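Below: the structure, in structure tokens.
The values are calculated or read from the model by the stated rules, or taken from the named source; none is laboratory data. What you see is a predicted model; the values in this text were computed from it and never measured. Counting neighbours? That spans all protein chains shown, and the Cβs are built from the backbone with ideal geometry, glycine included. Side chains included, ligands, DNA and RNA excluded: accessible areas come from the protein's heavy atoms. Shrake-Rupley method; radii C 1.70, N 1.55, O 1.52, S 1.80 Å.
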Amino acid sequence: MLFMKKPTLSSIAPKSDFSALVKRTRILVIDDVETEFPFEILRREGYAIDYWKDAQELAKLETGYYDIIILDIGGVGRKLDAANEGAGLLNHIKSVNPSQIVIAYSGQSHHSNRIPFFKLADQYVPKPANVLTWKETIDDLIANKSTVAHYWTALRQILVAQGYGAKQVNRLEKALVLAAKTGEKPDASTLVATTLGAVDKVATIASITGKIIAICSAA
């Protein structure tokens with residue numbers, strides 16, 4: 001007798017049209033010098049890009065409101081970490097939300113104590129960088145990290161760190177698989193509350209769950 005494998009999120013994740021992925025990917029550039037990034041050219045290419053001169057709303061950086069954050073390492077983030085600036089901000093973002101995609105961006109030579117922070121970034125782009133470099137870097141991250149597998153791995157990591165066992169994590173995955181198979185698009189916060197109950201970092205967990213639901217319902 002043949003036994004069917006239990007479907008997982010990775011096994012049922014649809015392949016979305018790449019142009020549609022680009023259009024729905026929210027990108028944030030944090031750089032104290034606005035003129036060093038080719039905003040207008042990339043916006044004309046269909047990329048949705050916001051700009052902050054410095055970290056303005058920490059909650060949006062922690063919860064995954066933006067799909068990709070392009071983070072200048074020098075001259076930003078001093079209110080959070082005066083010594084390490086953007087490197088400290090990168091460390092904070094990744095410690096709260098490991099699924100957050102971050103491109104480290106710098107033209108400075110940094111002290112060796114910042115090197116571990118740089119390693120947290122999903123990609124590094126040295127200043128100055130041309131439009132082609134930016135397009136290739138962003139497209140690569142959209143294709144390879146704006147995925148169900150990436151978000152689910154990070155979500156599991158957060159839940160395990162909070163003490164949730166395999167049974168509880170599997171319950172959430174089962175609910176997400178069911179929603180994907182039936183074409184439903186449940187509210188992420190409600191789904192998390194129903195399957196897990198009260199959780200810490202609820203905004204971050206709900207945001208990542210919402211990204212998974214959005215990807216699975218996009219095909």
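Within the range 193-205, which residues are of a type outside the set (Val, Ile, Thr), surrounded by 19 or more Cβ atoms within 10 Å (Cβ to Cβ) and in contact (Cβ under 8 Å) with a residue 60 or more places away in the chain? Show your work before the answer.
Within the range 193-205, the subset of a type outside the set (Val, Ile, Thr) is 193, 196-198, 200-201, 203.
Cutting the leftovers down to surrounded by 19 or more Cβ atoms within 10 Å (Cβ to Cβ) gives us 196.
Residues satisfying the conditions do not exist here.
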Over the range 25-46, the set of residues open to solvent by less than 90 Å² (accessible area, probe 1.4 Å) and under 16 Å from the mean Cα position of the chain (by Cα) is Thr25, Ile27, Leu28, Val29, Ile30
Looking only at the range 72-84, decide whether some residue is part of a strand (DSSP E or B) and in contact with a helix residue (DSSP H, G or I) (Cβ under 9 Å, 6 or more places away or on another chain).
yes
The number of residues in the range 199-219 that are within 17 Å of Gln157 (Cα to Cα), assigned to a loop (DSSP other than H, G, I, E, B) and of a type in the set (A, V, I, L, M, F, W, C) is 1
Within the range 126-152, track down each residue that is within 16 Å of the chain's Cα centre (by Cα) and free of Cβ contacts under 8 Å to residues at least 24 places away in the same chain.
Asp140, Asn144
Only one of these conditions is not met by Leu132: (1) at pLDDT below 95; (2) farther than 25 Å from Lys60 by Cα. Which number is it?
(1)
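This table checks each residue for (1) in contact with a Phe, Trp or Tyr (Cβ under 9 Å, 6 or more places away or on another chain); (2) within 16 Å of Thr8 (Cβ to Cβ); (3) open to solvent by 30 Å² or more (accessible area, probe 1.4 Å); (4) among the charged types (D, E, K, R).
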site: Trp152; (1), (2), (3), (4): no, yes, no, no
site: Leu155; (1), (2), (3), (4): no, yes, no, no
site: Leu159; (1), (2), (3), (4): no, yes, no, no
site: Val169; (1), (2), (3), (4): no, yes, no, no
site: Glu173; (1), (2), (3), (4): yes, yes, no, yes
site: Ala179; (1), (2), (3), (4): no, yes, no, no
site: Gly183; (1), (2), (3), (4): no, no, yes, no
site: Ala188; (1), (2), (3), (4): no, no, no, no
site: Leu191; (1), (2), (3), (4): no, no, no, no
